[in-house]
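Peer 1: Quick one: structure below, then a few questions.
The values are calculated or read from the model by the stated rules, or taken from the named source; none is laboratory data. Since the structure is predicted, the reported quantities are computational estimates derived from the model, not experimental observations. Here Cβ is always computed from backbone atoms with ideal geometry, including for glycine, and neighbour counts include all displayed protein chains.
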Amino acid sequence: MRLTVAGLGYVGLTTAACLADTGNTIFAVDCDPAKIAMLNKGIVPFKEPGLDDMVFKNLRTGSLRFSNSLKNAVLNSDMVFITVGTPADENGIIDLSQIDAVIWSIRGMIDKGKLIIVKSTVPPGTCGRIKAQLATMAKAEIDFVSNPEFLRQANAVKDFCHPDRIVIGANSVRAAEILKQLYRPFIRRKTKVIVTDPVSAELAKYASNGMLAARLSFMNELSRLCEKTGGDIEHIRRVIGSDPRIGADFLNAGIGYGGSCLPKDVSALINFGEAIDCEMAVARAIQKVNTGQHDRFIQRIADYFNGHHRASLAVWGLAFKAGTDDIRNSPALYCIDELLKRGFEISAYDPLVSDSRNIICNGGIVISDSRYSALDGADALVIFTDAPEFRNADIERVSGKIKVIFDGKNLFEPADLKQFGIEYHCIGRRFCQNFKKSCNISGIFAS
């Protein structure tokens, strides 16, 4: 098949490369000339394991063609994937201007039988709205499909090639069958192909991210209870993760979620509900718990130093999670910004984030060239991501430079650090410094 992919961010470029790798001809389009120039040299503008090799291979064979010309791409394609960004403002209102720009640009190029597939995360009813708009402008009847993506950054290529589910939101049997045929190379025995209506498909993406955010926020709430009562959140995680009705994924307590998806989509759910007088109380609580977890971690560090405003902190991790260089809505940057406002000095290291020009914090930070050099002269180490090189750090070497760790990812066993004389503050673990050893829980029982 000959396909256009409009928008070459994480989702669009992964979609283009993976579809090209199965024998399709892909016209990959973006409005950023600098990005297209990089891609035509085989350079991927962000970190995503396996994507650079796939792009280079299919660029060389001609299966993947990069351009700024949406018109030429659409005229030579059987279907158009829309994968542009849909950012949200601080109130959760989704900006669909990039979607609208693509639709306006292709309005006169749609011939009979051409299929429009929206992979961008969009509010419910978006596909119906733009289909109605195009019906008054286009030359022919148009089939619109909502085909939400479920790609995890740092796992996007794997997730696309080995999906656990493919969601096709279509009002046309023909459109659904075309998508099934396109995805046939990626359908495995355990892959579920779910055909539904466009509105349900659009909502399903928000619902999935909302559910994942709920699990993380609930575990963080339980970690607070552990610190008050003497429980251990790691033991609790193993117990409830062993229940087949629950499963083990997304049960790690920490400093709260971040990134470009979960915060945006939880806010969007709240906003959708408000717009139609349907209160989303659970989504609002998820958001509150998550922000509170960031602030609580910051306060723990501030309380420890008790007014020593020029204390120096070494930071491990700047991206919103390990395995990516994406710093959008990063809990690390949120916390760093607040700590800088309180007078702390910060040197930081991240295996994939090295350009300090992309890190906007109040007052700026010093970027170190290694995990150990970041520790030089620091009064404490603060950990924000679970990168493998942090988890496998030489603790003896660390202990020679610092004696206090604030661990937002629970990377270590408290007993292991105690052997090296390190004061360990983590999330909801017994025997950490933040654990209230003298807490009295007798008051919760009836006499």
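Peer 1: Hey, can you tell me all the residues within segment 274-317 that are small (Gly, Ala, Ser) and in contact with a strand residue (DSSP E or B) (Cβ under 8 Å, 6 or more places away or on another chain)?
Peer 2: Ala311, Ser312, Ala314, Gly317
Peer 1: Related question: So, in segment 38-85, exactly how many residues are under 25 Å from the mean Cα position of the chain (by Cα) and either assigned by TED's automatic domain parsing to the domain that holds Ala319 or of a type in the set (Gly, Ala, Ser) (or both)?
Peer 2: Residues flagged as under 25 Å from the mean Cα position of the chain (by Cα) and either assigned by TED's automatic domain parsing to the domain that holds Ala319 or of a type in the set (Gly, Ala, Ser) (or both) within segment 38-85 amount to 3.
Peer 1: Taking only segment 289-303 into account, find how many residues are crowded, with 20+ Cβ neighbours inside 10 Å and of a type in the set (Ser, Thr, Tyr).
Peer 2: Here the count works out to 0.
Peer 1: Also, quick follow-up: Taking Val102 as the residue in question, decide whether it is assigned by TED's automatic domain parsing to the domain that holds Ala17, farther than 20 Å from Ala37 by Cα and either touching a Cys at 6+ places or on another chain (Cβ under 6 Å) or of a type in the set (A, V, I, L, M, F, W, C) (or both).
Peer 2: yes
Peer 1: If you take the residues in segment 257-279 that are assigned to a helix (DSSP H, G or I) and either among the aliphatic types (A, V, I, L, M) or not assigned by TED's automatic domain parsing to the domain that holds Gly323 (or both), which one is nearest to Gly92 (Cα to Cα)?
Peer 2: My answer is Ala268.
Peer 1: Can you tell me how many residues in segment 264-281 are surrounded by 16 or more Cβ atoms within 10 Å (Cβ to Cβ) and of a type in the set (D, E, K, R)?
Peer 2: 2
Peer 1: Can you pull out every residue in segment 82-94 that is closer than 27 Å to Glu141 by Cα and in contact with a helix residue (DSSP H, G or I) (Cβ under 6 Å, 6 or more places away or on another chain)?
Peer 2: Ile82, Thr83, Val84, Gly85
Peer 1: When you scan segment 301-317, do you find a residue that is of a type in the set (Asp, Glu) and in a loop (DSSP other than H, G, I, E, B), even just one?
Peer 2: Looking through segment 301-317, none of the residues is of a type in the set (Asp, Glu) and in a loop (DSSP other than H, G, I, E, B).
Peer 1: Sticking with this one: For segment 118-156, which residues satisfy the criterion of being among the hydrophobic types (A, V, I, L, M, F, W, C) and over 13 Å from Ile106 (Cα atoms)?
Peer 2: Within segment 118-156, Val118, Val122, Cys127, Ala132, Phe144, Val145, Phe150, Leu151, Ala154, Ala156 qualify.
Peer 1: Would you pick out the residues in segment 62-85 that are of a type in the set (S, T, N, Q) and part of a loop (DSSP other than H, G, I, E, B)?
Peer 2: Ser63, Asn68, Ser69, Asn76, Ser77, Thr83
Peer 1: Then there's this: Can you pull out the residues in segment 22-56 that are part of a helix (DSSP H, G or I), touching a residue at least 12 places away in the same chain (Cβ under 8 Å) and not charged (D, E, K, R)?
Peer 2: Residues satisfying the conditions are Pro33, Ile36, Leu39, Asn40, Leu51, Met54, Val55, Phe56.
Peer 1: Among residues belonging to segment 360-393 that are of a type in the set (D, E, K, R) and more than 29 Å from the chain's Cα centre (by Cα), point out the one that is surrounded by the most Cβ atoms within 10 Å (Cβ to Cβ).
Peer 2: Asp379
Residue by residue, here is whether (1) surrounded by 16 or more Cβ atoms within 10 Å (Cβ to Cβ); (2) outside the structural domain of Val398 (by TED's automatic domain parsing); (3) touching a Pro at 6+ places or on another chain (Cβ under 7 Å) holds:
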residue: Ala248; (1), (2), (3): no, no, no
residue: Ile255; (1), (2), (3): yes, no, yes
residue: Ala283; (1), (2), (3): yes, no, no
residue: Phe305; (1), (2), (3): yes, no, no
residue: Leu318; (1), (2), (3): yes, no, no
residue: Leu333; (1), (2), (3): yes, no, no
residue: Leu340; (1), (2), (3): yes, no, no
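Peer 1: Still on this structure: With respect to the numbered conditions (1) surrounded by 14 or more Cβ atoms within 10 Å (Cβ to Cβ); (2) more than 24 Å from the chain's Cα centre (by Cα); (3) under 25 Å from Val282 (Cβ atoms), which one is the sole condition not fulfilled by Thr229?
Peer 2: Status for Thr229: all satisfied but (1).
Peer 1: Among the candidates Leu13, Leu59, Leu3, Leu19, single out the residue that is buried (at least 16 other Cβ atoms within 10 Å of the Cβ), outside any loop (DSSP other than H, G, I, E, B) and free of Cβ contacts under 8 Å to residues at least 24 places away in the same chain.
Peer 2: Leu59 is the lone residue from the list that is buried (at least 16 other Cβ atoms within 10 Å of the Cβ), outside any loop (DSSP other than H, G, I, E, B) and free of Cβ contacts under 8 Å to residues at least 24 places away in the same chain.
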